[in-house]
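First comes the structure, then the notes that go with it.
The values are calculated or read from the model by the stated rules, or taken from the named source; none is laboratory data. Quantities reported herein were computed from a predicted structural model and do not represent experimental measurements. FYI the Cβ positions are ideal-geometry reconstructions off the backbone, even for glycines, and counts take in every protein chain you see. We work out accessible area using only protein heavy atoms, side chains counted, and drop any ligands, DNA or RNA first. Shrake-Rupley method; radii C 1.70, N 1.55, O 1.52, S 1.80 Å.
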Amino acid sequence: MDQPTFAEAHRALDAGETTCEALVSSFLDRIDDRNDELNAFTTVDRDGALNHARYLDSQRERGNARPLSGLVLAVKDNICIRGYPVSCGSKMLKDFSSLYDATVIERLRDAGAIFIGKTNCDEFAMGSSNETSHFGPVRNPHDPDYVPGGSSGGSAAAVAAGMCHAALGSDTGGSVRQPSAFCGVVGLKPTYGRVSRSGLVAFASSLDVIGPLANSVEDVATLLNVMAGEDPNDSSSAPVDVPDYTQALTGEVEGLKVGLPDEYFTEGLDPTIRHMVRDQVATLEDQGAEIERVSLPHTEYGVATYYLLATAEASSNLARYDGIRYGFRADLQETKHELRERRKELQRELSAARTKGDDDRVTELEAELDDEQSALDALYTRTRTEGFGDEVKRRIMLGTYALSAGYYDKYYEKAQRVRTLIRHDFDRAFEDVDVLVTPTTPTPPFQLGEKTDDPLEMYLNDIYTVTANLAGIPGLTVPIGSHPETDNLPVGLQLLGPHFDESVLLQVGDVLTSE
Ligand code: GLN
């Protein structure tokens, strides 16, 4: 799919061949055409986007064009835009609106970006297929029987279907890169700390990062220029200078050392994807890059480590959804009624046990009656039972278990140690090479429903992406063609680089996508 880029729009705007209003209108038409089928957007801000476009056009007429004037952006529904819903794909936040702008939103708006709507995603960004959203699954624009990937599936589908120039997603274990690969677009997971997380609804705070998705590497570089940099509202954002990322797009890879990690090309990898990635590596070699095999020996522990740490952090972050402060609240009268009924039932059982002289049962029932939940506790329980979907509950239970007394050392602490080993693997590899090339996913896109009954299968799809989050390094996925045995669905190649070296990823990604 050859979809519109901001770079072209920017040129056309400068040449007076189009207006911001015309750009927004054409994207709105596209959304009207395809969103019913794809379910990529949960909110479309028709009037807001058109009004902002007209304002930018009038500014341009006065000679006040901004660097991103006319960039039409979709935003994952776990990133706050003041006054917009921020559902996180969950019933829990279905009717909740943001009270403030995320830092990236402020920066992008100041630079002239237009927000066209919020995109559907897996519930609280937990998933690899965009099938866990309360608002229904997103479909792959290349073939609606297939998943778009997740959790930023709506963002990837919107970009791939030409419903916007670019989109924002969040990446905790692959959620920008995996859906980008499945939909055939470019997606960047910046270094942890490179982009402010202020205004991103937390999933796993030591792993979360906001990243851009677009139809070209150049557009991703342009977006990162505005998004990156320290932010006083996010203490984990790093005080590291931000280069001009578009300067990295030299079109050359001569002399660059490219590493191929053995562990990313083992038996679980689809053979066609393996060949396609190898072909790209051959192209880099033809253009003067030096190719080297490297080893990242702890890769095999990535998925287990990620799913322990991410769920542990999620169980703590999601404790705030108690029905009191945010969004959905279960019905209080019903909850009280249920409590009263339960109490009556226990009392009936107690008198029956006394009549029978069943002393053990009497003690048990008396204890249960003493221990009765307060109405407030019952309201918490009922709210969380009704408000969260199955996948989110599974994660909260896993995470709470991993953090509980007696298991903390065995699971959580051990996972932290393995995380360090994984990070050291990368540190060592980057002593020898400038960049690593891997597949983004072990398989091409799969069909809707194919993996929903087997969470472990679903988790294994993240094998090549979770390690970058564990190590905090940046990762970029670029489309490298289509998969002939899977209805010609897109395949992605992943580039991994040292901390804060997004430039090298953009440099190589640009070469791979500009033949
Ligand atoms: N697929 C991974 C998960 O389900 C990653 C999600 C993400 O990056 N937000 O946790």
Might you tell me the accessible area per residue for the range 107-238, computed with a 1.4 Å probe and given in Å²? 17 Å²
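Pairs of alpha-carbon atoms within less than 8 angstrom and 6+ residues apart define the contacts here; what relative contact order does the chain have, in percent?
Details: 1155 pairs, mean separation 91.6, N = 515.
Dividing the mean separation by the residue count of the chain yields 18 percent.
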Stretched fully, the stretch from residue 205 through residue 25 gains (0.36 nm per residue minus C-alpha distance, one decimal, in nm) 61.1 nm
Can you tell me the FRET efficiency between residue 410 and residue 482 if r is taken as the Cβ-Cβ distance and R0 is 41 Å, rounded to the nearest 0.05? 0.40
Cα Rg, Dmax (largest Cα-Cα span) when computed across the range 213-334, Å: 22.0, 71
Please compute the modelled spin-label separation between residue 401 and residue 262, points set 7 Å along Cα→Cβ, answer in nm with one decimal. 3.4 nm
Cut-off under 17 Å on the C-alpha distance; same-chain residues fewer than 8 positions from residue 356 excluded. Which aspartates and glutamates are left, in chain and number order? 345, 364, 366
The set of residues whose placed amide H lies less than 5 Å from the amide H of residue 132, leaving out same-chain residues fewer than 5 positions away, is 123
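First select every other residue whose beta carbon is under 11 angstrom from the beta carbon of residue 489; then total the charges, Lys and Arg +1, Asp and Glu -1. Before the final figure, lay out each step's value.
Details: positive: none; negative: 143, 145, 485, 487.
Spelling it out: positives minus negatives among the neighbours equals -4.
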For residue 414, the lysines lying under 27 Å Cα to Cα, once residues fewer than eight places off in the same chain are dropped, come out as 189, 393
Compare 270, 358 by solvent-accessible area with a 1.4 Å probe and give them largest first, with all protein chains kept in place. 358, 270
Rounded to the nearest 5, what % of DSSP beta bridges with both residues in the chain are antiparallel? 65 percent
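Tally Lys and Arg at +1 and Asp and Glu at -1 over the other residues with C-beta under 11 Å from the C-beta of residue 392: what net charge comes out?
Working: positive: 91, 384, 393, 394, 395; negative: 122, 123, 390, 391.
Local net charge: +1.
Beyond 14 Å, what share of the Cα-Cα pairs of the range 393-447 is found? Please give it as a whole percent.
Numbers: 1062 of 1485 pairs.
Of all Cα-Cα distances in the range 393-447, 72 percent exceed 14 Å.
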Nearest 10 degrees is fine. How inclined is helix 20-38 to the longest principal axis of the chain, computing both from alpha carbons? 50 degrees
Quick one: P(r) of the range 133-183 from all Cα-Cα pairs, 10 Å bins, percents rounded to integers, in order of increasing distance. 31, 58, 11
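Heavy atoms only, 1.4 Å probe, whole protein assembly: order 222, 477 by accessible area, highest first.
Values: 222 30, 477 0 Å².
Sorted descending by solvent-accessible area, the residues read 222, 477.
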Give the carbon-plus-sulfur fraction of the accessible surface of the range 228-278 in %, rounded to a whole number; probe 1.4 Å, heavy atoms of protein chains only. 46 percent
In Å, the C-alpha Rg and Dmax of the range 131-250 are 14.5, 44
Whole-Hz couplings from phi, Karplus 6.51/-1.76/1.60, listed for the range 406-412; x for Gly and Pro: x, 10, 4, 5, 5, 10, 4
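Provide the net charge surrounding residue 431, with neighbours chosen by a C-beta distance below 12 Å and charges set as Lys +1, Arg +1, Asp -1, Glu -1.
On the way: positive: 257, 428; negative: 292, 425, 427, 432, 434.
Taking every other residue near residue 431 into account, the sum is -3.
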So what are the ³J(HN,Hα) numbers for the range 140-150, from phi and the Karplus equation (6.51, -1.76, 1.60; θ = phi - 60°), rounded to whole Hz, Gly and Pro as x? 6, x, 6, 6, x, 7, 9, 6, x, x, x
Once you place label points 7 Å from the Cα toward the Cβ at residue 355 and residue 377, how far apart are they in nm? 3.0 nm
Scan of the chain for trypsin sites (Lys or Arg not before Pro) in DSSP loops with at most 16 other beta-carbon atoms within 10 Å gives a longest site-free stretch of 95-324
Amide H contacts of residue 493 (H built 1.01 Å from N, under 5 Å, at least 5 apart or other chain): 440, 478, 480
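Run the numbers for residue 66 and residue 393: contour at 0.36 nm per residue of separation, minus the present Cα-Cα distance, in nm.
On the way: separation 327, 0.36 × 327 = 117.72 nm, distance 4.43 nm.
Extra length from residue 66 to residue 393 when fully extended: 113.3 nm.
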Please give, to one decimal in nm, the separation of the simple spin-label points placed at residue 94 and residue 348, each 7 Å out from Cα toward the Cβ. 3.2 nm
Just to verify a number: FRET efficiency for residue 431 and residue 274, C-beta to C-beta distance, R0 = 41 Å, to 0.05? 0.95
Per residue accessible area in Å² of the range 252-327, where ligands, DNA and RNA are left out and the probe is 1.4 Å: 46 Å²
Per residue of the range 343-350, what does 6.51 cos²θ - 1.76 cosθ + 1.60 with θ = phi - 60° give for ³J(HN,Hα)? Whole Hz please, x for Gly and Pro, Karplus curve as stated. 5, 4, 4, 5, 5, 4, 4, 5
Report, by chain and number, residues whose modeled amide H sits under 5 Å from the one on residue 290, excluding near sequence neighbours (fewer than 5 apart, same chain). 255, 256, 257, 258
Neighbour-limited loop hits for chymotrypsin sites (Phe, Trp or Tyr not before Pro), the range 306-401 (at most 16 other Cβ within 10 Å; DSSP other than H, G, I, E, B): 326
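Find the percent of Cα-Cα distances in the chain that exceed 33 Å, and round it to a whole number. The partial results should precede the final answer.
On the way: 52801 of 132355 pairs.
In whole percent, the share of Cα-Cα pairs in the chain beyond 33 Å is 40.
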